[in-house]
Amino acid sequence: MPRISIVIATYNRAHQLLVALESLAEQTLSALEWEWVVVDNNSNDDTRTRFAEFAKSHAGLNFRIVRE
């Protein structure tokens, strides 16, 4: 179970979300120690598509998206 949860809320900010996720992907803490939870506040841009592409290219990391 992760010790640290990073929660990122977003709404129609796909580009800014990717910048934040890329930055977090560079940290050095073991992926077993932390998780990311992206809360999509019902965006109508391509946030979910971009997140899915990011997730596919970073399969070793512990993250998920929740739609609100």
Report summary line: The helix 14-25 Cα axis meets the longest alpha-carbon principal axis of the chain at an angle in degrees, between 0 and 90 and rounded to 10, of 0 degrees
Query raised in the report: Angle between the Cα long axis of helix 47-57 and the longest principal axis of the chain, 0 to 90 degrees, nearest 10?
Result: 30 degrees
Report task. Amide H neighbours of Val39 under 5 Å, at least 5 residues apart or on other chains, H built in the peptide plane: list them. Result -> Ile8, Ala9, Thr10, Val66
Query - For Glu35, solvent-accessible area (1.4 Å; no DNA, RNA or ligand), Å² - result: 40 Å²
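When only the heavy atoms of the protein chains count and the probe is 1.4 Å, how do Ser30, Ser43 rank by accessible area, highest first? Mind dumping the intermediate values first?
Working: Ser30 60, Ser43 10 Å².
Highest to lowest solvent-accessible surface, that is Ser30, Ser43.
I'd like to check one number: the per residue accessible area of the chain, probe 1.4 Å, reported in Å² as a whole number.
On the way: 4520 Å² over 68 residues.
Heavy-atom accessible area per residue stands at 66 Å².
If you roll a 1.4 angstrom probe over the protein chains with everything in place, what fraction of the accessible area of the chain belongs to carbon and sulfur, to the nearest %?
Working: 2340 of 4520 Å².
With neighbouring chains kept in place, the figure for the chain is 52 percent.
The values are calculated or read from the model by the stated rules, or taken from the named source; none is laboratory data. If you're wondering where the values come from, they're calculated on a predicted model, not measured in any experiment. Areas reflect the complete protein model, heavy atoms only, side chains present, ligands, DNA and RNA absent. Shrake-Rupley method; radii C 1.70, N 1.55, O 1.52, S 1.80 Å.
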